[in-house]
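Presented below is the structure to which this report refers.
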Amino acid sequence: MPVIEVDNVTRVYAEKGQTPSHALRGVTLAVERGEFMAFAGPSGSGKTTLLNLIGGLDAPSSGEVRVDGVALSGLSRKALADLRRDRIGFVFQSYNLVPVLTAAENAGYVLELKGVSAKERRDKVKAIFERMGLSPFLDSRPLKMSGGQQQRVAVARAIVSQPAVVLADEPTANLDQATGAALMDLMRELNRERGITFIFSSHDPMVLERADRLVRLVDGLVVTDEKRAR
Amino acid sequence: MSTALTSALALGWRNIWRNRRRTVISMSAIGVGLVLVIFYSGLVGGMAQDAKNQLDSAGIGHVEIFARGFRDKRDVAVAMEDASGWREKLRLPPGAQVGARVLARGLATSARGNEPVSVLGVEWDNEPKLSAHLQHISAGALPAPDDVHGVLIGEQLAERLALQVGAKLRLMVQRADAEMGADLFRVRGVFHSISPAIAQRQVYVSKAAARELLGLSEASHQLVVQIDDPDAADALAKELNTALGARFEALSWGELLPVLKRLEAYTGSITLALATFVYFLVGLGILNTMLMSVLERTREFGVLMALGTRPSRVLHLVLAESFWIATLSAAGGALTGGLLAWYFSHAGINFVPGTESYQFEGATISSLIKTRFSPAEIARATAFVYVMTLIVGLYPASRITRLLPAEALRKT
């Protein structure tokens, strides 16, 4: 069973007094467990909207999104929050770490939501940080860290609770080429080691060339969906 | 305490210090508002209390009983027979002080001149419990209980009639039989009163001398009752009226001096108006701070929601910030306001330097106002500000939790 199913999904933004904007116009796709894939397309093509709908951050105007077979349209906001907490990890373009929390606290936040004890959280975060070369920054505040380090903490936060899927919206957009490439390599390794499904949105060729599957969107429609052999 | 709550409080604590200056300014505004309310209500309460205290100082009873008709024309012939025996008949609250007085209007004459006066025939050993100014004898002493021809006068009357302790004073009154009665007295003491009317007009003689002067036997004109709780006076007067029947009338201090009741209502209204105004301003200040603080972090809350934070927990996170702001500012405000109210309840504040008292709608009020230190009032004001701060925090919290995570993430 696919981990993600998107079934004829549309998303129309209807601002009061403005012409409705069609961000997605009937997208259908399925993502298998363990895939390392990317949504590509120009700005306004619907990449972020599609990621948001898959992550239950937004609601489609029509159609259905299923995560691990669970239809999101039937879930309450609380149930959606729980689903995100348990099955989905997010990496955002601009890191979005909480500045008043240390790197370890940021990374362990989802575990805290799940009720994991402080000691267990610390141990898990420590292990991930070691794996990602972040050990010296356990107790650092985000603003004292470089962009690349912050984004690695964001990745650690996304994977620490072993989600089924990590959704990464333009994760390298604010990083230089070398740092971005290192981050992508790291996510690839985590994908292979842990079997976590990664879905990116990007128009960075460096990101796109690393993806096993590339879905191109234009004006809210899937125009190509190609799988690459590795 | 649950882990989620502890965690929300810990995060809230860190968040309020993200913009240290704004938080300190907001907390100062709340704290100062609370200090204002506590101090002002203490001050106004102190003024009202002082006005009530003047009942004792002026020798006005919390409840006074007269033979019906006496007060209309001050006819000394309309008296209560055997008033002294009534103390036992009246069912008074524990701690009540009772005294019978013989009243007359007359003329006091000395070698210097004469002055119109109110003559009060009293029991020397009992009257200082009813008239606080008799505890402040500035020259001489209170006459002995059996001193029939001793007299106590106020400082201003002594000055106008050039009387000193030991001097002779002649009192002339209209007797109960409408003839003129007069007798010679000797000044035993001079009392101090902050009320010019009392210091200039009241003359205290023994009850026996007053009766002899008026040609009365065992009668008294006024039964004065002082109780521990002046607020219970209306109920007591009503009870006594029922018990005593139509021949007598019992009046509470509120009926004897309606101005004091008005003053009490007036000060209460002023305090309420000020408190409402201050609370309103404080509420707006907190709302502004919380809105700014929360809405500028909309994206951050969007991230937290994306990570799986339930809407209820987002609400807790925002309320945790309100909680800390409310706790710190209310504690600081209550402590400062309480200390100020306590300090000035002892030291007092002199609002009219150079004078001892001033008149307010006929009531004598001391220039030195001591604030009323009431822990219950402080707790009430603090609780109000505290709850208001928490409630105000609900609005920005609800603004955030209404958003879908994607909407929150789009905010810059």
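Only the coordinates and a few stated rules stand behind these numbers; no lab work does. No experiment lies behind these values; they were computed from the predicted model shown. Every residue, glycine as well, gets a Cβ built from its backbone with ideal geometry; the counts of neighbours run over all protein chains shown.
For B:Phe185, the residues 5 or more places off, or on other chains, whose built amide H falls under 5 Å of its own are B:Leu169, B:Arg170, B:Leu171. Between helix A:177-194 and chain A there is an angle of about 90 degrees, using the helix long axis and the longest principal axis of the Cα atoms. Its Cα gyration tensor gives the range A:1-86 an equivalent ellipsoid. The semi-axes, each the square root of 5 times an eigenvalue, are 22, 17, 11 Å from largest down.
Relative to its Kirkwood radius, the Cα radius of gyration of the range B:288-412 gives an Rg/Rh of 1.30.
How large is the Rg to Rh ratio of the range B:226-270 when both quantities use alpha carbon positions and Rh follows Kirkwood? Checking Rg against Rh, the ratio lands at 1.07.
Hand me the GluC sites (Glu not before Pro) from the range A:1-95 located in a DSSP loop with no more than 14 other Cβ atoms within 10 Å, in residue order please. All intermediate terms of the calculation are to be shown ahead of the outcome.
Details: sites: A:Glu5, A:Glu15, A:Glu32, A:Glu35, A:Glu64; in loops: A:Glu15, A:Glu32, A:Glu35.
Within the range A:1-95, the qualifying GluC sites (Glu not before Pro) (loop, at most 14 other Cβ atoms within 10 Å) are A:Glu15, A:Glu32.
In loop segments of the range B:224-314 as defined by DSSP, the trypsin sites (Lys or Arg not before Pro) with at most 16 further C-beta atoms inside 10 Å of their C-beta are B:Arg247.
Radius of gyration (Cα atoms) of chain B, expressed as a multiple of 2.2 N^0.38 Å: 1.44.
Expressed in units of 2.2 N^0.38 Å, where N is the residue count, the Cα radius of gyration of the range B:62-253 is 1.01. Kirkwood analysis of the Cα pair distances in the protein assembly as shown returns a hydrodynamic radius of 31.5 Å. The mean sequence separation of alpha-carbon pairs under 8 Å and at least six residues apart, normalised by the residue count of chain A, gives a relative contact order of 29 percent.
Each Lys and Arg contributes +1 and each Asp and Glu -1, all at the Cβ; summed about the Cα centre of chain B, the dipole is approximately 2320 debye.
When only alpha carbons of chain A are considered, Rg and Dmax amount to 17.4, 53 Å. Note: relative contact order over the range B:62-253, using C-alpha pairs below 8 Å and six or more positions apart, is 35 percent. Evaluated with a Cβ-only charge set (Lys, Arg +1; Asp, Glu -1), the protein assembly as shown carries a dipole of roughly 2020 debye about its Cα centre, given to the nearest 20. Across B:Ala275, B:Ala48, B:Ala162, mean-square fluctuation computed from a Gaussian network of chain B (C-alpha pairs under 10 Å connected) peaks at B:Ala162. Among the listed pairs B:Lys89/B:Lys238; A:Lys144/B:Lys411; A:Lys227/B:Lys411; B:Lys52/B:Lys129; A:Lys126/B:Lys411; A:Lys16/A:Lys114, a Cα-Cα separation exceeding 27 Å is found for A:Lys227/B:Lys411; A:Lys126/B:Lys411; A:Lys16/A:Lys114. For a modelled paramagnetic label at B:Phe384, 7 Å from Cα along Cα-to-Cβ, the residues of the range B:10-39 in reach, with backbone nitrogen under 12 Å, are B:34-39. For chain B, which span is the longest to avoid every loop-located (per DSSP) member of chymotrypsin sites (Phe, Trp or Tyr not before Pro) having at most 15 other Cβ atoms inside 10 Å? That would be B:18-350.
Among the helices of chain B (complete DSSP H runs), which have Cα atoms covering no less than 15 Å along the helix axis and a Kyte-Doolittle mean of at least 0.0? Intermediate values should be presented prior to the final figure.
Working: long enough: B:3-16 (20 Å, 0.70); B:20-58 (55 Å, 0.55); B:233-244 (16 Å, 0.29); B:258-295 (54 Å, 1.31); B:311-347 (52 Å, 0.88); B:375-401 (38 Å, 0.96).
What comes out of the filter, once short or polar helices are dropped, is B:3-16, B:20-58, B:233-244, B:258-295, B:311-347, B:375-401.
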